[in-house]
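The values are calculated or read from the model by the stated rules, or taken from the named source; none is laboratory data. Keep in mind the model is a prediction, meaning the values are calculated, not measured. Note that we place each Cβ from the backbone using ideal geometry, even for glycine, and neighbour counts take in every protein chain shown.
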Amino acid sequence: MKTVDNHITIKDFMECVDYEITGGQKYLWKCFGYNVRFLDSENMETCSLSILFDTENQMVYQLSAWDYDTDTELIWIHPEYRGAYKAECLDKAVSREHIINYIDRADDILYYATKIFSGEHYEIASEDVLEEYMDIITVNIPADDLLYLCMMAHERDITLNQLANEIIINHLREKYHEGEN
């Protein structure tokens, strides 16, 4: 699917989800304006895809694809509204408990969303992710542990970075839930 000028249309989304819409509602944040609504397509077992669009001019502001199997969400935001979205996230102190990758190009998010919706395997290319939204941490791993983690990643057919992200996120979740009790 080829987009024009890094923009997504409602038709692009509809084709991506094979015209299977399961819901929709008004979007309550103000970063994209006041005439914004969701369109959702959800498979309760595998994924959820949604767009945010303007009801007056049909502009698509955001497309998100959440893969339940990997607990990963991919989000594309219209380039002209990324700053407003990020500012509202900060104002609202948004915190998520799953992995989020902000995808730069409309063509790339449509590719990933189609793969997620159809249940096909995909790997996120690092060059597709917006660096300004990445949280980067440095982890020092002793050589023996590194070898063990490399072998574990190989057995699971994932990259070492994917395994490290999974371990860190699971550890943070455990600490978060310990704090609730």
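In table form, for the structure just shown:
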read-out	value
Qualifying residue in the stretch 22-40 (condition: surrounded by 14 or more Cβ atoms within 10 Å (Cβ to Cβ), among the small types (Gly, Ala, Ser) and not in a strand (DSSP E or B))	yes
Exclusive hit being within 28 Å of ASN43 (Cα to Cα) and at pLDDT 85 or above, set ILE100, ILE124, ILE116, ILE167	ILE116
Candidates ASP67, ASP71, filtered to the one that is touching a Cys at 6+ places or on another chain (Cβ under 9 Å), acidic (Asp, Glu) and within 22 Å of ASP108 (Cβ to Cβ)	ASP67
The stretch 140-167: number of residues that are part of a helix (DSSP H, G or I), under 15 Å from THR70 (Cβ atoms) and free of Cβ contacts under 8 Å to residues at least 60 places away in the same chain	8
Subset of the stretch 59-73 [assigned to a strand (DSSP E or B) and either surrounded by fewer than 17 Cβ atoms within 10 Å (Cβ to Cβ) or at pLDDT 90 or above (or both)]	VAL60, TYR61, GLN62, LEU63, SER64, ALA65, TRP66, ASP67
Residue in the stretch 10-30 that is in the same structural domain as ASP128 (by TED's automatic domain parsing), farther than 30 Å from ASP157 by Cβ, touching a Lys or Arg at 6+ places or on another chain (Cβ under 9 Å) and among the charged types (D, E, K, R) present	yes
Residues that are modelled with pLDDT under 75 and either among the charged types (D, E, K, R) or under 23 Å from ILE109 (Cα atoms) (or both), drawn from the stretch 130-164	LEU130, GLU131, GLU132, TYR133, MET134, ASP135, ILE136
Single match in ALA84, ALA93, ALA106, ALA113 (criterion: surrounded by fewer than 17 Cβ atoms within 10 Å (Cβ to Cβ) and either touching a residue at least 40 places away in the same chain (Cβ under 8 Å) or assigned by TED's automatic domain parsing to the domain that holds TRP29 (or both))	ALA93
Test: GLU45 is of a type in the set (D, E, K, R) and part of a loop (DSSP other than H, G, I, E, B)	yes
